Amino acid sequence: MGEIDLEDLVRLGGFRCPFVPVTFLTASAKVAWVLSLGILFSIVCFCLDALAEREPKAWLPFTWSLVAVAGSASFLIAHSAIVSQLSGVLASVSGATFIFAAWRKDWSVDKSATAVFATILFGLGINGAFYADLPIISAILLWLSLLAGWIRFVPFVRQLPNWAQTAASICVALLIAALGVIFAVHKLGLPSGGY
């Protein structure tokens, strides 16, 4: 198998990573992937930190739990049951964090927790994209769904009651994450057997 450069990857359509392992990429393609993913990761972490600082309420870990569940489904569709299980564990931990934060009104999600969650979800997405069949677009949609909480700060949404703002942010996160799952199903089909 020869080396694959970034132009070949784009021409393959859908940004599905057809290589295992990543060592088949050219040096320039490796640098492009590392820089692109690093920049995207930095943006997501920065935005999640700022969001946790502005809105340190229980709905943030609830949204994370929903995104991790969508990630678990995407990874299973991408033929990676172990990564799917790890994402399920991440969903469970985030759900437990949500329950604790809802129970203890004086407790909030710390900014450092956002970085831990984003790092784990990014790692799972990169593993699914580079070492399984997960389309990179699905991984990117999962990562971007974490930022749906910013919908609360759109001017017309801020005029809504607090419960409606929370519902809107959760619905947008679910929609973006669901698009990632739908894209994976479209590219790979539904799982047809054991893993």
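Computed values, structure above
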item	result
Residue count for the range 132-179, restricted to those that are under 20 Å from Ser84 (Cα atoms) and assigned to a helix (DSSP H, G or I)	18
Any hit, the range 33-48, residues being surrounded by fewer than 20 Cβ atoms within 10 Å (Cβ to Cβ) and part of a loop (DSSP other than H, G, I, E, B)	no
Unique residue being modelled with pLDDT of 90 or more and out of contact with any strand residue (DSSP E or B) (no Cβ under 9 Å at 6 or more places or on another chain) when the list is Ala113, Ala70	Ala70
Checking Ile182 against (1) without any contact (Cβ under 8 Å) to a residue 12 or more places away in the chain; (2) under 10 Å from the mean Cα position of the chain (by Cα), the condition it does not meet	(2)
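Residues are listed down the side, and each one gets a yes or a no for (1) within 14 Å of Glu55 (Cβ to Cβ); (2) surrounded by fewer than 18 Cβ atoms within 10 Å (Cβ to Cβ):
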site	(1), (2)
Ser92	no, yes
Ala96	no, yes
Trp103	no, yes
Val116	no, yes
Asn127	no, no
Tyr131	no, yes
Ala148	yes, no
Ala164	no, yes
Val181	no, no
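The values are calculated or read from the model by the stated rules, or taken from the named source; none is laboratory data. Treat the numbers as computed from the prediction; the structure is a model and nothing was measured. With ideal geometry, Cβ positions are generated from the backbone for all residues, glycine too; neighbour counts draw on all protein chains shown.
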